[in-house]
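The values are calculated or read from the model by the stated rules, or taken from the named source; none is laboratory data. All of these numbers come straight from a predicted model, not from anything done at the bench. Here the Cβ positions follow ideal geometry from the backbone for every residue, glycine too, while neighbour counts run over all protein chains shown. Note: accessible area is taken over every heavy atom of the protein model, side chains too, but ligands, DNA and RNA are not part of it. Shrake-Rupley method; radii C 1.70, N 1.55, O 1.52, S 1.80 Å.
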Amino acid sequence: MRLVPRGRGPSDPDLRDRLYELLEHDPLAYSVGSRFIQLIIGVIVLNLAAMILASVPELDARFDTLFSAIAVFAVIVFALEYLARLWTVAGHTQREGSALSDRLSYAFSALGIIDLMAFLPAAVVLATGRHATLAGLGVLPFFKLIRYSPAMRSLLAAVHAERRALIGCVVILFGVVLTFASLLYAVERDVQPGKLGTIPDAMWWAIVTLGTVGYGDVVPVTPLGKFISVFAIISGFAMIALPVAIISSAFAEEVRRRDFVVTWGMLARVPLFSHLSAAEIADIMRLLRARTIEQGEVLVRRGDVASSMYFITAGEVEIALPSQQVRLGDGTFFGEIALLHKTKRSGTVTATRKTRLLLLDAQDFHALIARMPTLAAHVHETAKARLEETGDLAAAELAQAEPEDTDR
(Lines give C-alpha, C1' and ligand atoms only; values in the text may rest on other atoms or scores of the structure.)
Protein backbone atom coordinates (compact mmCIF):
# COMPACT_ATOMS: atom_id res chain seq x y z
CA MET A 1 0.00 0.00 0.00
CA ARG A 2 1.20 3.53 -0.72
CA LEU A 3 0.03 6.36 1.49
CA VAL A 4 0.16 9.77 -0.15
CA PRO A 5 0.44 12.57 2.43
CA ARG A 6 -1.81 15.51 1.89
CA GLY A 7 -0.35 18.18 -0.32
CA ARG A 8 2.53 16.01 -1.46
CA GLY A 9 3.13 13.81 -4.45
CA PRO A 10 5.86 11.96 -6.30
CA SER A 11 8.87 13.95 -7.41
CA ASP A 12 8.42 15.68 -10.73
CA PRO A 13 10.31 14.27 -13.75
CA ASP A 14 12.22 16.58 -16.06
CA LEU A 15 10.45 18.98 -18.39
CA ARG A 16 10.63 16.78 -21.49
CA ASP A 17 9.16 13.77 -19.69
CA ARG A 18 6.38 15.87 -18.17
CA LEU A 19 5.58 17.41 -21.54
CA TYR A 20 5.56 13.96 -23.16
CA GLU A 21 3.08 12.72 -20.55
CA LEU A 22 0.95 15.80 -21.22
CA LEU A 23 0.92 15.16 -24.98
CA GLU A 24 0.74 11.37 -25.13
CA HIS A 25 -0.73 10.07 -21.89
CA ASP A 26 -4.45 9.32 -21.72
CA PRO A 27 -5.37 11.66 -18.86
CA LEU A 28 -8.27 11.83 -16.51
CA ALA A 29 -10.91 14.47 -17.01
CA TYR A 30 -10.25 17.90 -15.51
CA SER A 31 -6.49 17.31 -15.60
CA VAL A 32 -4.01 19.50 -17.46
CA GLY A 33 -3.72 16.84 -20.15
CA SER A 34 -7.47 16.71 -20.74
CA ARG A 35 -7.63 20.50 -20.99
CA PHE A 36 -4.85 20.41 -23.57
CA ILE A 37 -6.78 17.86 -25.61
CA GLN A 38 -9.90 20.01 -25.34
CA LEU A 39 -7.87 22.98 -26.59
CA ILE A 40 -6.58 21.09 -29.63
CA ILE A 41 -10.04 19.73 -30.45
CA GLY A 42 -11.49 23.22 -30.05
CA VAL A 43 -8.93 24.66 -32.47
CA ILE A 44 -9.71 21.87 -34.98
CA VAL A 45 -13.44 22.54 -34.78
CA LEU A 46 -12.92 26.32 -35.02
CA ASN A 47 -10.62 25.91 -38.02
CA LEU A 48 -13.09 23.61 -39.81
CA ALA A 49 -15.99 25.99 -39.10
CA ALA A 50 -14.01 28.92 -40.49
CA MET A 51 -13.07 26.91 -43.59
CA ILE A 52 -16.70 25.97 -44.24
CA LEU A 53 -18.04 29.49 -43.72
CA ALA A 54 -15.26 31.04 -45.80
CA SER A 55 -16.54 29.13 -48.83
CA VAL A 56 -19.69 31.29 -48.75
CA PRO A 57 -18.82 34.42 -50.81
CA GLU A 58 -21.00 36.78 -48.74
CA LEU A 59 -19.50 35.63 -45.44
CA ASP A 60 -15.96 35.55 -46.85
CA ALA A 61 -16.26 39.15 -48.02
CA ARG A 62 -17.57 40.27 -44.64
CA PHE A 63 -15.37 38.23 -42.26
CA ASP A 64 -12.26 37.65 -44.36
CA THR A 65 -9.97 39.11 -41.68
CA LEU A 66 -11.49 36.90 -38.97
CA PHE A 67 -11.25 33.75 -41.07
CA SER A 68 -7.62 34.52 -41.94
CA ALA A 69 -6.80 35.15 -38.27
CA ILE A 70 -8.34 31.80 -37.31
CA ALA A 71 -6.32 30.05 -40.01
CA VAL A 72 -3.08 31.67 -38.81
CA PHE A 73 -3.90 30.82 -35.18
CA ALA A 74 -4.60 27.19 -36.07
CA VAL A 75 -1.34 26.90 -38.03
CA ILE A 76 0.63 28.29 -35.08
CA VAL A 77 -1.04 25.95 -32.56
CA PHE A 78 -0.61 22.85 -34.72
CA ALA A 79 2.99 23.75 -35.56
CA LEU A 80 3.89 24.23 -31.89
CA GLU A 81 2.21 20.94 -31.01
CA TYR A 82 4.13 19.13 -33.76
CA LEU A 83 7.45 20.59 -32.64
CA ALA A 84 6.70 19.69 -29.02
CA ARG A 85 5.89 16.09 -29.99
CA LEU A 86 9.02 15.93 -32.12
CA TRP A 87 11.13 17.10 -29.18
CA THR A 88 9.59 15.00 -26.43
CA VAL A 89 9.38 11.69 -28.31
CA ALA A 90 13.13 11.10 -27.88
CA GLY A 91 13.67 8.27 -25.42
CA HIS A 92 9.99 7.30 -25.31
CA THR A 93 9.78 4.79 -28.14
CA GLN A 94 9.75 1.01 -27.79
CA ARG A 95 12.97 0.66 -29.73
CA GLU A 96 16.23 1.56 -28.02
CA GLY A 97 17.86 4.06 -30.32
CA SER A 98 19.21 7.57 -30.54
CA ALA A 99 17.12 10.69 -30.10
CA LEU A 100 17.38 11.34 -33.83
CA SER A 101 16.06 7.90 -34.76
CA ASP A 102 13.17 8.31 -32.31
CA ARG A 103 12.24 11.64 -33.85
CA LEU A 104 12.54 10.34 -37.40
CA SER A 105 10.37 7.38 -36.42
CA TYR A 106 7.66 9.76 -35.21
CA ALA A 107 8.04 12.08 -38.20
CA PHE A 108 7.46 9.25 -40.69
CA SER A 109 4.73 7.53 -38.69
CA ALA A 110 1.09 7.85 -39.74
CA LEU A 111 0.24 10.15 -36.83
CA GLY A 112 3.39 12.19 -37.40
CA ILE A 113 2.51 12.75 -41.05
CA ILE A 114 -1.04 13.73 -40.07
CA ASP A 115 0.30 16.21 -37.50
CA LEU A 116 2.62 17.69 -40.13
CA MET A 117 -0.03 17.92 -42.85
CA ALA A 118 -2.39 19.63 -40.42
CA PHE A 119 -0.37 22.87 -40.62
CA LEU A 120 2.37 22.73 -43.26
CA PRO A 121 0.22 22.98 -46.44
CA ALA A 122 -1.92 25.68 -44.84
CA ALA A 123 1.20 27.60 -43.81
CA VAL A 124 2.54 27.47 -47.39
CA VAL A 125 -0.81 28.64 -48.78
CA LEU A 126 -1.00 31.50 -46.27
CA ALA A 127 2.53 32.53 -47.20
CA THR A 128 1.73 32.57 -50.92
CA GLY A 129 -1.64 34.24 -50.43
CA ARG A 130 -3.74 31.66 -52.30
CA HIS A 131 -6.69 31.71 -49.93
CA ALA A 132 -8.96 29.79 -52.28
CA THR A 133 -6.66 26.79 -51.96
CA LEU A 134 -6.72 27.18 -48.17
CA ALA A 135 -10.38 26.22 -48.09
CA GLY A 136 -9.59 22.89 -49.69
CA LEU A 137 -6.81 22.20 -47.20
CA GLY A 138 -8.90 23.10 -44.19
CA VAL A 139 -10.17 19.54 -43.89
CA LEU A 140 -6.66 18.15 -43.17
CA PRO A 141 -6.67 19.06 -39.44
CA PHE A 142 -9.83 16.97 -39.08
CA PHE A 143 -7.70 13.83 -39.31
CA LYS A 144 -5.88 14.87 -36.14
CA LEU A 145 -9.00 13.72 -34.30
CA ILE A 146 -7.81 10.15 -34.95
CA ARG A 147 -5.30 10.68 -32.15
CA TYR A 148 -8.00 11.71 -29.68
CA SER A 149 -10.84 9.43 -30.79
CA PRO A 150 -10.58 5.81 -29.60
CA ALA A 151 -13.45 4.91 -31.94
CA MET A 152 -11.62 6.23 -35.01
CA ARG A 153 -8.41 4.49 -33.98
CA SER A 154 -10.29 1.25 -33.44
CA LEU A 155 -11.94 1.57 -36.86
CA LEU A 156 -8.62 2.17 -38.61
CA ALA A 157 -7.08 -0.74 -36.72
CA ALA A 158 -9.99 -2.95 -37.77
CA VAL A 159 -9.57 -1.96 -41.43
CA HIS A 160 -5.84 -2.60 -41.23
CA ALA A 161 -6.36 -5.99 -39.58
CA GLU A 162 -8.79 -7.07 -42.31
CA ARG A 163 -6.92 -5.44 -45.19
CA ARG A 164 -6.37 -8.75 -47.00
CA ALA A 165 -10.04 -9.66 -46.81
CA LEU A 166 -11.03 -6.17 -47.97
CA ILE A 167 -8.59 -6.35 -50.87
CA GLY A 168 -10.21 -9.66 -51.76
CA CYS A 169 -13.61 -7.94 -51.74
CA VAL A 170 -12.29 -5.28 -54.12
CA VAL A 171 -10.97 -7.97 -56.46
CA ILE A 172 -14.32 -9.78 -56.36
CA LEU A 173 -16.17 -6.52 -56.94
CA PHE A 174 -14.02 -5.71 -59.97
CA GLY A 175 -14.66 -9.17 -61.38
CA VAL A 176 -18.43 -8.82 -60.90
CA VAL A 177 -18.41 -5.33 -62.48
CA LEU A 178 -16.43 -6.61 -65.45
CA THR A 179 -18.72 -9.64 -65.87
CA PHE A 180 -22.01 -7.69 -65.88
CA ALA A 181 -20.50 -4.89 -67.99
CA SER A 182 -19.36 -7.41 -70.61
CA LEU A 183 -22.76 -9.12 -70.67
CA LEU A 184 -24.68 -5.88 -71.09
CA TYR A 185 -22.21 -4.62 -73.67
CA ALA A 186 -22.79 -7.77 -75.73
CA VAL A 187 -26.58 -7.40 -75.47
CA GLU A 188 -27.06 -3.61 -75.77
CA ARG A 189 -24.13 -2.30 -77.84
CA ASP A 190 -26.10 -2.25 -81.09
CA VAL A 191 -29.26 -0.87 -79.42
CA GLN A 192 -27.57 1.91 -77.40
CA PRO A 193 -24.17 2.55 -79.01
CA GLY A 194 -23.94 5.98 -77.42
CA LYS A 195 -24.36 4.66 -73.86
CA LEU A 196 -23.27 1.03 -73.96
CA GLY A 197 -21.15 0.97 -77.09
CA THR A 198 -17.95 0.12 -75.20
CA ILE A 199 -17.12 -1.99 -72.16
CA PRO A 200 -15.86 1.07 -70.18
CA ASP A 201 -19.28 2.71 -70.80
CA ALA A 202 -21.00 -0.46 -69.63
CA MET A 203 -18.75 -0.58 -66.54
CA TRP A 204 -20.21 2.76 -65.43
CA TRP A 205 -23.69 1.21 -65.58
CA ALA A 206 -22.44 -1.86 -63.70
CA ILE A 207 -20.83 0.18 -60.93
CA VAL A 208 -23.94 2.34 -60.46
CA THR A 209 -26.21 -0.71 -60.47
CA LEU A 210 -24.08 -2.82 -58.12
CA GLY A 211 -23.78 0.15 -55.79
CA THR A 212 -27.61 0.28 -55.68
CA VAL A 213 -27.41 3.97 -56.62
CA GLY A 214 -29.34 3.72 -59.88
CA TYR A 215 -28.86 7.16 -61.39
CA GLY A 216 -31.01 6.21 -64.38
CA ASP A 217 -28.73 7.89 -66.91
CA VAL A 218 -27.90 4.47 -68.42
CA VAL A 219 -30.53 1.71 -68.37
CA PRO A 220 -31.02 -1.42 -70.48
CA VAL A 221 -33.93 -1.37 -72.92
CA THR A 222 -33.94 -4.94 -74.22
CA PRO A 223 -35.66 -7.77 -72.31
CA LEU A 224 -32.41 -9.70 -71.97
CA GLY A 225 -30.62 -6.58 -70.77
CA LYS A 226 -33.28 -6.04 -68.11
CA PHE A 227 -33.00 -9.69 -67.06
CA ILE A 228 -29.25 -9.23 -66.60
CA SER A 229 -29.93 -6.08 -64.56
CA VAL A 230 -32.05 -8.04 -62.09
CA PHE A 231 -29.10 -10.29 -61.23
CA ALA A 232 -26.78 -7.27 -61.13
CA ILE A 233 -29.03 -5.54 -58.57
CA ILE A 234 -29.23 -8.69 -56.41
CA SER A 235 -25.45 -9.09 -56.63
CA GLY A 236 -25.09 -5.47 -55.54
CA PHE A 237 -26.64 -6.22 -52.16
CA ALA A 238 -24.07 -8.97 -51.62
CA MET A 239 -21.23 -6.68 -52.71
CA ILE A 240 -22.29 -4.12 -50.09
CA ALA A 241 -22.98 -6.63 -47.32
CA LEU A 242 -19.67 -8.47 -47.65
CA PRO A 243 -17.22 -5.66 -46.74
CA VAL A 244 -19.68 -4.16 -44.24
CA ALA A 245 -19.86 -7.49 -42.41
CA ILE A 246 -16.08 -7.84 -42.43
CA ILE A 247 -15.47 -4.32 -41.10
CA SER A 248 -18.25 -4.44 -38.49
CA SER A 249 -17.08 -7.77 -37.04
CA ALA A 250 -13.45 -6.60 -37.06
CA PHE A 251 -14.46 -3.31 -35.43
CA ALA A 252 -16.36 -5.11 -32.66
CA GLU A 253 -13.40 -7.42 -32.09
CA GLU A 254 -11.02 -4.45 -31.99
CA VAL A 255 -13.19 -2.70 -29.38
CA ARG A 256 -13.22 -5.86 -27.24
CA ARG A 257 -9.47 -6.17 -27.64
CA ARG A 258 -8.96 -2.53 -26.69
CA ASP A 259 -11.14 -2.90 -23.60
CA PHE A 260 -9.13 -5.98 -22.66
CA VAL A 261 -5.83 -4.11 -23.06
CA VAL A 262 -7.12 -1.12 -21.10
CA THR A 263 -8.30 -3.32 -18.24
CA TRP A 264 -5.05 -5.27 -18.33
CA GLY A 265 -3.10 -2.03 -18.16
CA MET A 266 -5.18 -0.88 -15.21
CA LEU A 267 -4.49 -4.14 -13.39
CA ALA A 268 -0.78 -3.92 -14.16
CA ARG A 269 -0.67 -0.64 -12.25
CA VAL A 270 -1.91 -2.33 -9.08
CA PRO A 271 1.09 -3.68 -7.10
CA LEU A 272 -1.07 -6.39 -5.55
CA PHE A 273 -1.23 -8.18 -8.93
CA SER A 274 2.34 -7.51 -10.08
CA HIS A 275 3.59 -10.96 -9.07
CA LEU A 276 0.75 -12.89 -10.72
CA SER A 277 1.03 -14.78 -13.98
CA ALA A 278 -0.79 -13.75 -17.16
CA ALA A 279 -3.31 -16.57 -16.72
CA GLU A 280 -4.06 -15.49 -13.13
CA ILE A 281 -4.49 -11.84 -14.15
CA ALA A 282 -6.81 -12.89 -16.98
CA ASP A 283 -8.82 -14.88 -14.43
CA ILE A 284 -9.09 -11.85 -12.15
CA MET A 285 -10.12 -9.59 -15.03
CA ARG A 286 -13.35 -11.53 -15.44
CA LEU A 287 -14.30 -10.72 -11.85
CA LEU A 288 -13.53 -6.98 -11.79
CA ARG A 289 -15.90 -4.16 -12.63
CA ALA A 290 -14.74 -0.68 -13.64
CA ARG A 291 -16.17 2.44 -12.06
CA THR A 292 -15.39 6.14 -12.24
CA ILE A 293 -16.27 8.60 -9.47
CA GLU A 294 -16.20 12.37 -9.71
CA GLN A 295 -14.33 14.75 -7.47
CA GLY A 296 -16.12 15.11 -4.12
CA GLU A 297 -18.27 12.01 -4.66
CA VAL A 298 -18.57 9.70 -1.65
CA LEU A 299 -17.77 6.09 -2.54
CA VAL A 300 -18.56 4.43 0.80
CA ARG A 301 -19.65 5.76 4.19
CA ARG A 302 -18.63 4.73 7.66
CA GLY A 303 -20.97 2.02 8.88
CA ASP A 304 -21.89 0.73 5.40
CA VAL A 305 -21.87 -3.01 4.87
CA ALA A 306 -18.61 -4.10 3.22
CA SER A 307 -19.57 -5.41 -0.19
CA SER A 308 -16.50 -4.75 -2.35
CA MET A 309 -12.78 -4.25 -2.43
CA TYR A 310 -11.50 -1.31 -4.46
CA PHE A 311 -8.38 -0.78 -6.59
CA ILE A 312 -7.34 2.74 -7.61
CA THR A 313 -5.98 2.76 -11.15
CA ALA A 314 -5.91 6.54 -11.57
CA GLY A 315 -6.84 9.34 -9.23
CA GLU A 316 -6.94 9.75 -5.47
CA VAL A 317 -9.36 9.16 -2.58
CA GLU A 318 -9.42 10.32 1.00
CA ILE A 319 -10.45 7.96 3.80
CA ALA A 320 -11.88 9.82 6.81
CA LEU A 321 -11.18 7.70 9.92
CA PRO A 322 -12.28 8.63 13.44
CA SER A 323 -8.91 10.12 14.38
CA GLN A 324 -7.21 10.92 11.09
CA GLN A 325 -7.53 11.19 7.33
CA VAL A 326 -5.55 9.07 4.89
CA ARG A 327 -5.11 9.64 1.17
CA LEU A 328 -4.56 6.81 -1.28
CA GLY A 329 -3.27 7.32 -4.80
CA ASP A 330 -2.60 5.39 -8.01
CA GLY A 331 -1.93 1.67 -7.63
CA THR A 332 -3.28 1.35 -4.09
CA PHE A 333 -6.27 -0.64 -2.88
CA PHE A 334 -8.57 -0.52 0.10
CA GLY A 335 -11.61 -2.24 1.55
CA GLU A 336 -9.89 -5.59 2.04
CA ILE A 337 -9.85 -5.33 5.87
CA ALA A 338 -13.60 -5.07 6.14
CA LEU A 339 -13.98 -7.99 3.75
CA LEU A 340 -11.43 -10.12 5.61
CA HIS A 341 -13.11 -9.53 8.98
CA LYS A 342 -16.60 -9.38 7.43
CA THR A 343 -17.32 -6.11 9.20
CA LYS A 344 -18.82 -2.76 8.29
CA ARG A 345 -16.83 0.13 6.87
CA SER A 346 -14.70 1.99 9.40
CA GLY A 347 -14.22 5.14 7.34
CA THR A 348 -15.86 7.35 4.75
CA VAL A 349 -14.13 7.32 1.37
CA THR A 350 -14.37 10.45 -0.80
CA ALA A 351 -12.71 11.17 -4.16
CA THR A 352 -10.37 14.17 -4.03
CA ARG A 353 -10.34 14.25 -7.82
CA LYS A 354 -11.86 12.22 -10.63
CA THR A 355 -10.83 8.64 -9.95
CA ARG A 356 -10.97 5.37 -11.84
CA LEU A 357 -11.53 2.26 -9.78
CA LEU A 358 -11.78 -1.48 -10.20
CA LEU A 359 -14.29 -3.22 -7.94
CA LEU A 360 -14.06 -6.78 -6.65
CA ASP A 361 -17.27 -8.03 -5.02
CA ALA A 362 -17.07 -9.69 -1.60
CA GLN A 363 -18.11 -13.13 -2.84
CA ASP A 364 -15.55 -13.04 -5.65
CA PHE A 365 -12.92 -11.69 -3.22
CA HIS A 366 -13.23 -14.64 -0.85
CA ALA A 367 -13.33 -17.12 -3.72
CA LEU A 368 -10.24 -15.50 -5.24
CA ILE A 369 -8.05 -15.57 -2.15
CA ALA A 370 -9.22 -19.13 -1.46
CA ARG A 371 -7.79 -20.43 -4.74
CA MET A 372 -4.75 -18.10 -4.89
CA PRO A 373 -2.64 -18.59 -1.72
CA THR A 374 0.06 -16.13 -2.79
CA LEU A 375 -2.52 -13.43 -3.39
CA ALA A 376 -4.18 -14.20 -0.04
CA ALA A 377 -0.83 -13.89 1.75
CA HIS A 378 -0.18 -10.56 0.07
CA VAL A 379 -3.62 -9.23 1.04
CA HIS A 380 -3.22 -10.35 4.67
CA GLU A 381 0.26 -8.86 4.87
CA THR A 382 -0.91 -5.53 3.46
CA ALA A 383 -3.94 -5.48 5.73
CA LYS A 384 -1.75 -6.15 8.78
CA ALA A 385 0.61 -3.33 7.84
CA ARG A 386 -2.29 -0.98 7.33
CA LEU A 387 -3.75 -1.82 10.74
CA GLU A 388 -0.39 -1.03 12.35
CA GLU A 389 -0.28 2.35 10.61
CA THR A 390 -3.88 3.26 11.48
CA GLY A 391 -4.56 1.64 14.84
CA ASP A 392 -8.02 3.16 15.23
CA LEU A 393 -9.08 1.26 12.12
CA ALA A 394 -8.13 -2.02 13.76
CA ALA A 395 -10.01 -1.22 16.94
CA ALA A 396 -13.10 -0.13 15.04
CA GLU A 397 -13.20 -3.20 12.86
CA LEU A 398 -12.42 -5.65 15.65
CA ALA A 399 -15.24 -4.12 17.67
CA GLN A 400 -17.59 -4.85 14.81
CA ALA A 401 -16.16 -8.30 14.18
CA GLU A 402 -16.54 -9.58 17.76
CA PRO A 403 -20.38 -9.50 17.85
CA GLU A 404 -20.51 -11.33 14.50
CA ASP A 405 -18.11 -13.98 15.77
CA THR A 406 -20.18 -14.32 18.93
CA ASP A 407 -23.34 -14.75 16.92
CA ARG A 408 -21.75 -17.55 14.94
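Excluding same-chain neighbours fewer than eight residues apart, the lysines reachable from residue 195 by a Cα-Cα span under 16 Å are 226.
Per-residue counts of other Cβ atoms within 10 Å, averaged by peptide: what ranking do you get for 358-365, 171-178, 326-333, highest first? Present the calculation step by step, with values, prior to reporting the outcome.
Working: 358-365: 18.0, 171-178: 15.0, 326-333: 19.8.
Ranking, from highest mean packing down: 326-333, 358-365, 171-178.
Scanning residues 5 or more positions from residue 316 or on other chains, those with amide H under 5 Å from its amide H are 352, 353, with H placed 1.01 Å from N in the peptide plane.
Compute the accessible area per residue over the stretch 33-93, keeping the other protein chains in place, probe 1.4 Å, unit Å². Present the calculation step by step, with values, prior to reporting the outcome.
Details: 3240 Å² over 61 residues.
Per residue, the stretch 33-93 has 53 Å² of solvent-accessible surface.
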